[in-house]
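The values are calculated or read from the model by the stated rules, or taken from the named source; none is laboratory data. Note that the structure is a prediction, hence the values are computed from the model and not measured. Methodologically, a virtual Cβ is constructed for each residue, glycine included, from the backbone with ideal geometry; neighbour enumeration extends over all protein chains shown.
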Amino acid sequence: MSDTKPQHFLQHIISQDLADKKHTEVVTRFPPEPNGYLHIGHAKAICLNFGLAEEFGGRCNLRFDDTNPGKEDQEYVDAIVEDVRWLGYQWDGEIKYASSYFDTLYEWALHLIREGKAYVCHLSPDEARAYRGNLKEAGKDSPYRNRSIEENLADFEKMRAGEYDEGACVLRAKIDMAAPNMNLRDPILYRIRKMNHHQTGDKWCIYPNYDFAHGQEDAIEGITHSICTLEFADHRPLYDWFIENLPVPAKPRQYEFARLELNYTVTSKRKLKQLVDEGHVDGWNDPRMPTISGMRRRGYPAAAIRKFCDMIGVTKAASTVDVGMLEFAVRDQLNESAPRAMCVLQPLKVVVTNFDGDAETMVQPVHPNNAEMGERKLPFTRELFIEREDFTEDTSLSRKKFKRLVLGEWVRLRGAYIIQANDVVKDSDGNIIEVHATLVPDTVGANPPEGVNPRGVIHWVSATQNVDCEVRLYDRLFNDESPDSGDKNFLDALNPESLQIISGAKAEIGLAGAQVGEAYQFERAGYFCLDSKNTRADRLVFNRTIGLKDNWANKV
């Protein structure tokens, strides 16, 4: 049986188009609006558009649909460029902008006016809504719809010259106010926005609407397959109307696929911006955010995101994907690639009373299943740190329930000696502050002698040669499977335990050289990376990317 993955419907369409010689080269585009940071849904669109171009030996453009200066910013442009590059894709030629085509789009608007297919409308927004009708009732013609071509040309020039206030009028296409598809009821082509644009400055005070610009940009760039999400399916007749009624150099075709919806996640740009603006998160790149920059800061590998997008496939049927699939892809990728390390989150000192002299070097593999990654050297000293939860005085606990260090019993330290807990030191409140233990000689890499029966294996670090660090344990931002469905206020679903900050953690000494972008598996604690925002030379901050296994099901 063949292991070849079946083609999804877009691959099949492109294959057939090439076989029929409809196109000699496949050209796609990824056209984000620079009005926010990209999220996991955009990652699917990036992987799809760039991936199809790569698969079929074609080209993919990165184009910013920057037609709304009121909501756009250069910050978003820069962040999007970084995200696409980080995911591992390269666009064809220079970055493209809708604003680069504003002169051409203006000329094409004039063309529609001259053809009697566009007019300047002075209805107020409220009046325009009333005239538009609804799904059950046809709209009615604007009183400005049948003015002469000369009047409309003159009025449109006044709009461009800034002689009208914002909202005073718009340019509309003259299509059909009784069309069952609301998008065809004389849609807006241009509106007045007297504001500076991040690319064109103050050259324009009128800006094309997205629906008017989008298809024409595709035509100018020679896009062969304009791939959008399902919400644009009702816009396709309008896309086609513009292509048919304008002197465009090519005739692209729009295709729609189901957008990515994840449970326990909100991807509305408006709501994500609200989380940022109201301080619920630490910016757009907060590691709990579903933004690409947030996932990068949290330590998600780009390869894992690409793998996830491949796993969920491409269909026309809308559905919600379990976020556990994304977490599986991340965990699976990190298990293969992340070096191992030991970090004690809640340190408890252990004094090995029969160990004298200088530190002894313990050698452990960087990765237990990949010898090519080499070895790491750990100092074993008289004073060590273990996890506070890894010790108990309660000798009644069975070995099945507690496989760690018990007073009077033995445990193996990972890659080092077997030790026996002999005594404890407590503070004035009765809290254990120190454990005294003895090591069993000749047990490094060797079986225990007769009569010594360790309960299990625990991790440790030297108490005198380690790296002091802060550890941030991240969890899902929302504790509701569908936080913004129906009449819910998505803020009510915020998980109060989505971030736990632990100061005074102790990591093995080799992590002093950790770099941003590198991932590590901390023994028993999960996968971690340096925080790119808060780490300084004198203060390492590690973010938990994900746990070693999915414990979420136990919480809900």
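Does region 12-43 hold any residues that are of a type in the set (D, E, K, R), surrounded by fewer than 23 Cβ atoms within 10 Å (Cβ to Cβ) and touching a strand residue (DSSP E or B) at 6+ places or on another chain (Cβ under 9 Å), and which are they?
Across region 12-43, the qualifying residues are Asp17, Glu25, Glu33.
Per-residue answers, yes or no, for (1) farther than 19 Å from Ala463 by Cα; (2) outside the structural domain of Asn335 (by TED's automatic domain parsing); (3) crowded, with 17+ Cβ neighbours inside 10 Å; (4) not polar (S, T, N, Q):
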| site | (1), (2), (3), (4) |
| --- | --- |
| Asn354 | no, yes, no, no |
| Pro368 | yes, yes, no, yes |
| Ile386 | no, yes, yes, yes |
| Leu397 | yes, yes, no, yes |
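For region 289-313, which positions are assigned to a loop (DSSP other than H, G, I, E, B) and either surrounded by fewer than 21 Cβ atoms within 10 Å (Cβ to Cβ) or in contact with a Phe, Trp or Tyr (Cβ under 6 Å, 6 or more places away or on another chain) (or both)?
Gly313
For region 233-243, indicate whether the set of residues that are in a helix (DSSP H, G or I), over 23 Å from Lys174 (Cβ atoms) and of a type in the set (Asp, Glu) is non-empty.
No, region 233-243 has no match at all.
Enumerate the helices (runs of 4 or more DSSP H) found wholly within region 67-154, keeping only those where 2 or more residues are among the small types (Gly, Ala, Ser).
125-132
Looking at region 169-202, which of its residues are among the aliphatic types (A, V, I, L, M) and in a helix (DSSP H, G or I)?
Passing the criteria: Met182, Leu184.
Of all residues in region 460-486 being in a loop (DSSP other than H, G, I, E, B) and of a type in the set (Gly, Ala, Ser), which is farthest from Thr361 (Cα to Cα)?
Gly486
Mind counting the residues in region 536-548 that are part of a loop (DSSP other than H, G, I, E, B) and more than 22 Å from Ala304 (Cβ to Cβ)?
2
How about region 366-390: which of its residues are out of contact with any Lys or Arg (no Cβ under 7 Å at 6 or more places or on another chain) and assigned to a strand (DSSP E or B)?
Correct list: Glu375, Arg376, Lys377, Leu378, Pro379, Phe380, Leu384, Ile386, Glu387.
Among the numbered conditions (1) closer than 21 Å to Phe102 by Cβ; (2) surrounded by fewer than 14 Cβ atoms within 10 Å (Cβ to Cβ), tell me where Pro180 comes up short.
Among (1) closer than 21 Å to Phe102 by Cβ; (2) surrounded by fewer than 14 Cβ atoms within 10 Å (Cβ to Cβ), the lone unmet condition for Pro180 is (1).
If we keep just the residues of region 150-177 that are basic (Lys, Arg) and either within 35 Å of the chain's Cα centre (by Cα) or farther than 20 Å from Asp126 by Cα (or both), which is surrounded by the most Cβ atoms within 10 Å (Cβ to Cβ)?
By that ranking, first place goes to Arg160.
In the list Thr224, Thr229, Thr265, which residue meets the criterion of being surrounded by fewer than 19 Cβ atoms within 10 Å (Cβ to Cβ) and β-branched (Val, Ile, Thr)?
Thr229
From the list Lys117, Lys96, Lys21, Lys5, which residue is within 30 Å of Arg297 (Cβ to Cβ) and out of contact with any Leu (no Cβ under 6 Å at 6 or more places or on another chain)?
Lys96
Just checking, does region 94-113 include any residue being surrounded by fewer than 13 Cβ atoms within 10 Å (Cβ to Cβ) and either basic (Lys, Arg) or within 37 Å of the chain's Cα centre (by Cα) (or both)?
Scanning region 94-113 turns up at least one residue that is surrounded by fewer than 13 Cβ atoms within 10 Å (Cβ to Cβ) and either basic (Lys, Arg) or within 37 Å of the chain's Cα centre (by Cα) (or both).
Which members of region 416-443 meet the condition of being surrounded by 12 or more Cβ atoms within 10 Å (Cβ to Cβ) and among the hydroxyl-bearing types (Ser, Thr, Tyr)?
Listed by number, the residues that qualify are Tyr417, Thr438, Thr443.
State whether one or more residues within region 203-216 are of a type outside the set (S, T, N, Q), part of a helix (DSSP H, G or I) and farther than 26 Å from Glu127 by Cα.
So far as region 203-216 goes, yes, one or more of its residues are of a type outside the set (S, T, N, Q), part of a helix (DSSP H, G or I) and farther than 26 Å from Glu127 by Cα.
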